[in-house]
Structure formats: C-alpha cells, structure tokens
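For reference, the structure discussed in these notes is given below.
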Amino acid sequence: MQDIYPSRRAAEPELLPRRDPVTYQAWRPDAPLSREQVEHFDRHGYLVLEGLFDSTELDALQDETRRLLADPSSLDGETVITERGSDEVRSIFAIHEQSRLMSRLAADARLAGVASFLLGDKVYVHQSRLNYKPGFKGKEFYWHSDFETWHTEDGMPRMRALSMSVLLAENTPNNGPLMVMPGSHKTYVTCVGETPDDHYRQSLKKQEYGVPDELSLATLADKHGIVAPTGKPGTVILFDCNTMHGSNGNITPFPRSNAFLVYNAMSNRLVQPFGAEKPRPAFIAEREPRAIEPQAGLLEKVAA
Ligand SMILES: O=C(O)CCC(=O)C(=O)O
C-alpha cells in the first residue's frame, strides 16, 4: 500500500497537507449532532459535549474507575502503565476489555453513534485507556498527533479515526487538562528518527520518537493558538486523530481521570506498520476489529 503519510524517514521534518476528509458525511436532520457541532469538529478538529450522562451513570463510572485503580494487580499486567520513577498508575489500557461497564460505555450510542456518524462507517475500538493523572505526581503528555504514531507504528492507513476523552473527574485549568491546537488536524507533521524495536514500552510513559520538532509545533501554535477545554465529570471531548494535542503535569492535589476511547472506521483497519518492524500489541492497537452495534439507553452499574 502506498504510504501517503511517510514519517520518521527523512532527515528533516515537513508540514504536509491532510489528504483525507475530517467528517465523512454531510450533516442531516437525523444526525446525532447539530449542524454547528459537525461544522465545529470539521473546522477545528475537536468538539466538547456536555451533560451526556446523568448523575447515576456518572456515579457508576466513577465507582468503576476507583475499582480499576484500587487493584491494578487484578488486571492484565501489560496494560497497567506507571509514571516514570514511581508506582503511580499513569494509564490502564484495554479498559473496554477488562470492565463490563467500560465495554458498555464504549458501545454507547451517545459515543459510538456519534463516531460512526462523523467517520461515515461502522466503527470499532482501536484503543481504550484510563488516563489517570494523579495529584502531585501526574506527568505530562507531550505534544503529538495520534495518527502519526498509529500510522507509523500500528499501520493505520488513513485519517479516519477519532478519540473521545470522557472526563471522570473535573478537569480544571490547573490539573493538566487536555490542550489542543484547533485546526492543526489539517496539517500532518512528519517526525524525525527511526522507531526502535519495542518502542511502546518506553513511549507509553514518555514518548521519544514520533515527537514533533519545536519549530513545527511553534508554527502550528502561532497559526492556530492553543485551547484547553475543561469541564465537569461527564463532559466528553472529541478530537480528530491528527489534531495536535498534549497536556501538562498535575502538581495540584486534585487527580484528573479520563476514560479515553479511540474509534476507527471499519474500512480503515490496520495493515502492516508503515515505519516499524513489528506491530504493537493488541492491547494498544486492535488488529482484529469487531464492529460496534451502538447501544441505546442508560449505563447501569454492572458487576465487573
Ligand atoms: O490525557 C491526556 O491529557 C492526553 C492523552 C494523550 O494524549 C493520549 O493518550 O494520546
């Protein structure tokens, strides 16, 4: 397959134009988003949805988050990533496979139905994780485009995927909320440096390859600015797979925990990686997709 988004090959970084749509179908009256919301997502590469879940649903999600964090040893060890230099949990991957409630959340029509509409296809979960940024010790996520990594290390062919960050604790301006460069999703920043074998073992704690250079980041930030959407628990932040994003560390006492769900179009399933010898494991990048049938109705507390 021809690589239209080559990265980690050339000696110098480049800013290339996006070659794919952002939203894959036109708005229509029965769409799960308003026309303005679809246009916002298309133009800015992100969208904030508030009040999707009621308080009972949120209680259930927060209880489940506490349960997952309280006993990481009961989970598949590979999926639990700790912070550099401490045993604090940074991320738990494959939450939709290790928790019935998170599995139901991933299939919820309010999330999967919206992803399916924007991507114009049936969707599957490419990756899920709980990103927990503990108080005092939570470290940053440096600037990156997810697509650069998913394309280079996992073999995602085209830009036809998006992420949803479901806020499970309040994200304030102070506790390391997600930052995005609105509009950056229309430019592909290539990175410099070949991918080492088993790079993921390090990169999940701190990324060192697939990191955009400072001049490209400054160029994008000058052009587009930076926004940091905040919100109460239950707020959902959607962003396109190529939106430049990152977040600061959390030195406040207030933990920030977000469930992170990545939806990819069924027609965009992974092929061989475009810039790595072997693909990353399935808990980071699903290679055997199952199409989601979006589930209507409220989330209910379910036994693990
Ligand atoms: O949770 C965050 O603040 C950012 C996470 C992120 O960039 C990622 O998981 O790719």
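Each Lys and Arg Cβ is given +1 and each Asp and Glu Cβ -1; about its Cα centre, region 132-265 then shows a dipole of about 560 debye. Note that region 274-279 has calculated 3J(HN,Hα) couplings of 7, x, 8, 5, 10, x Hz, one per residue in order, obtained from phi through the Karplus relation 6.51 cos²θ - 1.76 cosθ + 1.60 (θ = phi - 60°); glycine and proline are x. As a proxy for reagent exposure, Arg129, Arg18, Arg84 were ordered by neighbouring Cβ count within 10 angstrom, fewest first; the result is Arg84, Arg18, Arg129. Amide H contacts under 5 Å for Arg90: Ile81, Thr82, Glu83, restricted to partners 5 or more places along the chain or on a different chain, H placed in the peptide plane at 1.01 Å from N.
When the Cα gyration tensor is reduced to axis lengths a ≥ b ≥ c, the ratio a/c is 1.5 or higher for region 1-92, and with a/b not above b/c it is classed as oblate.
Dividing the summed -39500 (n - 2.57) terms of all DSSP H runs of n ≥ 4 by the residue count of the chain sets its mean residue ellipticity at 222 nm at -5500 deg cm²/dmol. For the peptides 108-118, 134-144, residues were scored by their other Cβ atoms within 10 Å and the scores averaged per peptide; the highest-first order is 108-118, 134-144.
Along the axis of the charge dipole computed for the chain (Cβ charges of +1 for Lys and Arg, -1 for Asp and Glu, origin at the Cα centre), the listed residues Met102, Gly183, Ser74 are led at the positive end by Gly183. Between the residues Pro134, Ile226, Ser7, the greatest Cα displacement towards the positive end of the dipole of the chain, with unit charges on the Cβ of Lys, Arg, Asp and Glu, is found for Ile226.
Its residues counted as N, region 24-183 yields a C-alpha radius of gyration over 2.2 N^0.38 Å of 1.10. Please list log₁₀ I(q)/I(0) at q = 0.16, 0.21, 0.23, 0.29 Å⁻¹ for region 57-112, using the Debye equation with identical point scatterers on the alpha-carbon positions. Debye curve over Cα of region 57-112, log10 I(q)/I(0) at q = 0.16, 0.21, 0.23, 0.29 Å⁻¹: -0.52, -0.82, -0.93, -1.22. Under a 5 Å amide H cut-off, with hydrogens placed 1.01 Å from N, Val123 pairs with Met266, Ile292 among residues at least 5 apart or on other chains.
With one equal scatterer per alpha carbon and no solvent term, the Debye-computed log10 I(q)/I(0) for region 119-246 at 0.14, 0.15, 0.19, 0.22 1/Å reads -0.67, -0.78, -1.28, -1.59. Calculation over all alpha carbon pairs of region 220-295 in 5 angstrom steps from 0 returns a P(r) of 3, 8, 15, 19, 17, 16, 15, 7, 1 percent. For region 20-137, the dipole from Cβ point charges (+1 on Lys and Arg, -1 on Asp and Glu) about the Cα centre works out to 140 debye, to the nearest 20.
Result for the chain in a Gaussian network model with C-alpha springs under 10 Å: among His224, His44, His185, the largest mean-square fluctuation is at His224. In the chain, taking the dipole from charged Cβ atoms about the Cα centre, the farthest positive-side position among Asn264, Met156, Pro253 is held by Asn264.
For the chain, the equivalent ellipsoid derived from the Cα gyration tensor has semi-axes of 26, 23, 20 Å, listed largest first.
Placing unit charges on the Cβ atoms only, positive for Lys and Arg and negative for Asp and Glu, gives the chain a dipole magnitude near 180 debye about its Cα centre.
From least to most packed, judged by other beta carbons within 10 angstrom and beginning with the fewest, Val80, Val22 follow the order Val80, Val22.
All of the numbers you see were taken from the coordinates with simple rules; none came from a lab. Small disclaimer: the values here were computed from a predicted structure and weren't measured. Glycine also receives a Cβ, built like all others from the backbone with ideal geometry; neighbour counts cover every protein chain displayed.
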